[in-house]
Amino acid sequence: MVLKELIESHLSKTHQEIRERRKEIHVSEVGGCIRKTFLDVKGEVKKESLNAQIIRVFDNGNSVHDRLKKYLKEMGVLESVEVEVKDEELEVVGRYDARVKIKDELYIIDFKSINSDYVNEPMKHHVLQITYYMFLSGIKNGILLY
């Protein structure tokens, strides 16, 4: 029990979230609660620091993403990673996980590190998100990888 408490203390100290007021909407918020997004951009949503369990979940997701990027690189199809896009007119920003080239076709890939046992079909907000990435990047093909 002592080690778990030490790890949680470490995570809490090293992952203190510094959330500044932002001006843009994030692509990942497309399809979400418009009111919450509006209030967040206006600085009206109280920001709480993440607890150690949530930080571990995010770290696990980051590890899954790193492993998948490694596989794509080894396969020789990876073009770029963490590609930033911006809709200047609407002030919407985002970053998709990878761009690959398969049989001379470009694809955007957005990794979703959730348990695929709970996903029978692509989630609507994920489809909206990758569609927006495709629109902003001009790439006509997208893959949601659960």
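The values are calculated or read from the model by the stated rules, or taken from the named source; none is laboratory data. Computed from a prediction, not measured in an experiment: that's the story for all the values here. Here the Cβ positions follow ideal geometry from the backbone for every residue, glycine too, while neighbour counts run over all protein chains shown. The area values use the complete protein model at the heavy-atom level, side chains included, leaving out ligands, DNA and RNA. Shrake-Rupley method; radii C 1.70, N 1.55, O 1.52, S 1.80 Å.
Among the residues of region 115-144, those that are open to solvent by 70 Å² or more (accessible area, probe 1.4 Å) and out of contact with any Leu (no Cβ under 7 Å at 6 or more places or on another chain) comprise ASN115, ASP117, TYR118, ASN120, GLU121, LYS124, HIS125, THR131, PHE135, LYS140. Going residue by residue through region 41-53, is there one that turns out to be over 30 Å from LEU6 (Cβ atoms) and of a type in the set (D, E, K, R)? There is at least one residue in region 41-53 that is over 30 Å from LEU6 (Cβ atoms) and of a type in the set (D, E, K, R).
How many residues does region 43-68 contain that are open to solvent by 100 Å² or more (accessible area, probe 1.4 Å) and out of contact with any Leu (no Cβ under 8 Å at 6 or more places or on another chain)?
Residues that pass the stated criteria total 5.
Within region 84-120, the set of residues being in a loop (DSSP other than H, G, I, E, B) and within 20 Å of HIS65 (Cα to Cα) comprises LYS112, SER113, ILE114, ASN115, VAL119.
For region 69-88, the count of residues that are of a type in the set (A, V, I, L, M, F, W, C), open to solvent by 70 Å² or more (accessible area, probe 1.4 Å) and without any contact (Cβ under 8 Å) to a residue 60 or more places away in the chain is at least one. Selection of region 52-91 for residues being within 25 Å of THR131 (Cα to Cα) and of a type in the set (Val, Ile, Thr) yields VAL64, VAL77, VAL81, VAL83, VAL85.
Scanning region 65-76 turns up no residue that is within 16 Å of ILE143 (Cβ to Cβ), modelled with pLDDT of 85 or more, part of a strand (DSSP E or B) and of a type in the set (D, E, K, R). If you check every pair at least six apart or on different chains, which have Cβ atoms under 8 Å apart with a residue in region 2-13 that is within 15 Å of LEU50 (Cα to Cα) first and a residue that is among the charged types (D, E, K, R) second? From region 2-13, the pairs are LEU11/ARG56.
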